[in-house]
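A short worksheet on the structure shown next.
The values are calculated or read from the model by the stated rules, or taken from the named source; none is laboratory data. Treat the numbers as computed from the prediction; the structure is a model and nothing was measured. Every residue, glycine among them, receives a Cβ derived from its backbone with ideal geometry; neighbour counts consider all protein chains shown.
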Amino acid sequence: MSQERKTLEPPTQESGGFLRRVFGRGEHDISAPNTDSRTTTKTVLDLADIQGFILRGYRMPIVRHFLLTVGDPAEARKVLGRFVNGDESDAPQITTAEDWHVGFEPGPGDNLADPPRHKPDYCLNLGITWSGLLALEIKNRVPTLSFKSFGAFTAGAAKRAELVGDTGASAPQNWIGGFGRGCDHVLVTLHAISSKAMTTYSARLSALFAEADAFREIWRGDGMALMEVRDGKPVLTTKVHFGYTDGISTTTVRGGPERYPPDHQQPCEPWLFVLLDEAENYFVPEPPELGRNGSFAVFKMIETDVVGFENFLHSNKDKIDPELLAAKICGRWRNGVPLALSPNTSSPSGGISPEQLNNFEYVNEDGSGDPKGLRCPVGAHMRRINPRGQPVTGQGQPGGSNNTHRLIRRGMPYGPAYDPTKPHDGIERGLLGYFINSSIENQYEFVLSHWANDSEFAGAVRLPPKSKDPMIGTQDSAESIFAIPQPDGAPPIKITRFSSFIATKAAAYCFLPSITAIKFMAQLS
Amino acid sequence: MPLEDNQIGFFTVYDGSFETYIADFTKNIGEVFDLIFKFTKNPPPSPCRKHLQEFIDFAAGANRTPIGFYQAYPGLTVQDIHALIADSKSMSATA
């Protein structure tokens, strides 16, 4: 999915260059909370208690996910506590949503005489499945434990797979590494600024996991920003394997710590992503010291069929130019320029600044704009995942924000960049990461089941019945269809015989505990 | 609508399944139900937006199948009707 992530490709004329500013030291500058001009309420978010990746994009080039199963529950709880004991020399510490310099400690490659930098060597976070909470004996030791509003979480990803289209090749019986089998207890995610830092902190973590048989590592998966050659030099990009520049559309949280370029959507209420008592549609898990300031996330490993996607584009070249079809399928040209702003070319005259690439609307309050999808098809991937101002069933007046079902995505590609000169290299490639939300039912599952894998939400006048997201939908080739509306009353171009271009390799529904919650679990006798 | 025997009826027409969009439904009108439930015997817990399943169960128990149902635009959803109206206005504006 290309809804959310991380960073724009910044202009190169600024000092420090792309790598230095995005992944490097010194130049990174995240504004203090509440400097967003659209933020109208004072933050109530306790950033020091909230895991960082809920509210921040780390913009680090490599990531490693460890899937753990609990060995000795008491020892496992102790290890969790060491991740938040404030003693970096004892254990790597969970990264919170506070600004980078807060709690920062020099890394192994640092010269202490150097000026302090604003970015740590690593970021560490963790999620716990319901089976993990049981294995850690939290339920046994906390009689008041309740996840009343979160039935999807307690059911687990495997039981909910069919609902979100994880069937066939994506079905749980085909998942790798113990996912969905009840031994997937804790996911630990380590972002690192360099391979050296990754090696260093991975080793420390592995040693901690194994101490007193606290945990057993049953799977690990690595992700890395894709490389491409520019001016003869390899550089890191924000692209994904299908070739699109990613991370342009970002979910702004009201009162959150990050400031994103403007768009037409209202900032999301923080309770959509952080478990807060003020939430309108759920009760914070109990006891409050366990639930408050936590969140939920769906971890997914998604294999992308790049060859199948490219072949499909070219197989329809008699109907539509392959690059235009690629743009219509996604909603953006592969360089990130949105069809809503430039429907006919990926390189509009005068250009579009990075800050403006997300600044558009599909349907304005007065009904004007692109209600029929002449620029960006109503069925395009990004218009399904985030319909913005388009009226949809259940909510939404023209020009509304449709924020109730928003997601925050923290993901990174795995596998090397696709080389079109070696299409059948036998290498698996895809995406690894989290979809973060407060309500898995009302956000992640709703988006996947009703917006990506159904068409009812927009009505049959706008979307062909039975049509699905052309990029990530779980397709039945025989009935699949993607309509590309044409101007002046001309009939739409109908693209058919889609295959599913992605396959779920692993999934886990995770609770993302607050720092307070981790300490609470750790002190249970 | 007031009915006999101190009962009130709530009439709603919607597309899709009730459960699918109940969260959005209560977002828009949940406070009205919460108010009505203050004067209702054996109400579901309030706020209904937070007690979705209880609200769904209560609504299902109170649901009555209509003896007749008139459709001005058979086969069209609300979104379809809105879209067709918008398109007709657009055509009128450009004519």
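Scanning the stretch A:154-168 for residues that are assigned to a helix (DSSP H, G or I) and surrounded by 15 or more Cβ atoms within 10 Å (Cβ to Cβ) yields A:THR154, A:ALA155, A:LEU163, A:VAL164.
Does the stretch A:223-240 contain at least one residue that is touching a residue at least 40 places away in the same chain (Cβ under 8 Å), among the charged types (D, E, K, R), in contact with a strand residue (DSSP E or B) (Cβ under 6 Å, 6 or more places away or on another chain) and farther than 23 Å from A:LEU126 by Cβ? Scanning the stretch A:223-240, I find at least one residue that is touching a residue at least 40 places away in the same chain (Cβ under 8 Å), among the charged types (D, E, K, R), in contact with a strand residue (DSSP E or B) (Cβ under 6 Å, 6 or more places away or on another chain) and farther than 23 Å from A:LEU126 by Cβ, so the answer is yes.
Yes or no, residue by residue, for (1) more than 26 Å from the chain's Cα centre (by Cα); (2) within 14 Å of chain B (Cβ to nearest Cβ):
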| position | (1), (2) |
| --- | --- |
| A:GLU456 | no, yes |
| A:THR504 | no, no |
| A:ALA508 | no, no |
| A:MET521 | yes, no |
| A:SER525 | yes, no |
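Scanning the stretch A:181-233 for residues that are over 15 Å from A:ARG59 (Cα atoms) and of a type in the set (Val, Ile, Thr) turns up A:VAL186, A:VAL188, A:THR199, A:THR200, A:ILE218, A:VAL229. Restricting the stretch A:250-283 to residues that are among the β-branched types (Val, Ile, Thr) and farther than 16 Å from A:LEU47 by Cβ leaves a set whose member that is nearest to the other protein chains (Cβ to nearest Cβ) is A:THR251. Answer yes or no as to whether B:ASP80 is assigned to a helix (DSSP H, G or I) and either under 16 Å from the mean Cα position of the chain (by Cα) or in contact (Cβ under 8 Å) with a residue 24 or more places away in the chain (or both). No; evaluated as a whole, the condition is false for this residue. The residue that is surrounded by the fewest Cβ atoms within 10 Å (Cβ to Cβ), among those in the stretch A:428-468 that are free of Cβ contacts under 8 Å to residues at least 60 places away in the same chain and either small (Gly, Ala, Ser) or part of a helix (DSSP H, G or I) (or both), is A:ALA460. Checking the stated criteria, A:GLU361 turns out to be touching a Lys or Arg at 6+ places or on another chain (Cβ under 7 Å), outside any helix (DSSP H, G or I) and not hydrophobic (A, V, I, L, M, F, W, C). Residues of the stretch A:119-153 that are hydrophobic (A, V, I, L, M, F, W, C) and in a loop (DSSP other than H, G, I, E, B): A:LEU136, A:VAL142, A:LEU145, A:PHE147, A:PHE150. The sole residue among B:ASP5, B:ASP87, B:ASP57 that is within 10 Å of chain A (Cβ to nearest Cβ) and out of contact with any helix residue (DSSP H, G or I) (no Cβ under 6 Å at 6 or more places or on another chain) is B:ASP87.
Scanning the stretch A:293-314 for residues being over 9 Å from A:PHE501 (Cα atoms) and in contact with a Lys or Arg (Cβ under 6 Å, 6 or more places away or on another chain) gives a total of 1. Scanning for something closer than 23 Å to A:ASP49 by Cα, surrounded by fewer than 18 Cβ atoms within 10 Å (Cβ to Cβ) and modelled with pLDDT of 95 or more, does the stretch A:108-119 turn up at least one residue? Scanning the stretch A:108-119 turns up no residue that is closer than 23 Å to A:ASP49 by Cα, surrounded by fewer than 18 Cβ atoms within 10 Å (Cβ to Cβ) and modelled with pLDDT of 95 or more. The sole residue among B:THR40, B:THR20, B:THR65 that is part of a loop (DSSP other than H, G, I, E, B), under 29 Å from A:SER449 (Cα atoms) and more than 8 Å from chain A (Cβ to nearest Cβ) is B:THR65. Out of curiosity, is A:ASP277 closer than 25 Å to A:ASN344 by Cβ and of a type in the set (Asp, Glu)? It is false that A:ASP277 is closer than 25 Å to A:ASN344 by Cβ and of a type in the set (Asp, Glu).
Being β-branched (Val, Ile, Thr) and without any contact (Cβ under 8 Å) to a residue 40 or more places away in the chain is the filter; apply it to the stretch A:469-509 and report the residue that is surrounded by the fewest Cβ atoms within 10 Å (Cβ to Cβ). In this case the residue turns out to be A:THR496. Exactly one residue out of A:ARG82, A:ARG59 is closer than 28 Å to A:GLY336 by Cβ and at pLDDT 50 or above, and it is A:ARG59. Residue count for the stretch A:293-333, restricted to those that are assigned to a loop (DSSP other than H, G, I, E, B) and either of a type in the set (A, V, I, L, M) or surrounded by 16 or more Cβ atoms within 10 Å (Cβ to Cβ) (or both): 7. Among the residues of the stretch A:121-165, those that are farther than 21 Å from A:VAL79 by Cα and among the small types (Gly, Ala, Ser) comprise A:SER146, A:SER149, A:GLY151, A:ALA152, A:ALA155, A:GLY156, A:ALA157, A:ALA158, A:ALA161, A:GLY165. Just one of the numbered conditions (1) within 10 Å of another protein chain (Cβ to nearest Cβ); (2) without any contact (Cβ under 8 Å) to a residue 12 or more places away in the chain; (3) surrounded by 12 or more Cβ atoms within 10 Å (Cβ to Cβ) is not true of B:VAL32: (1).
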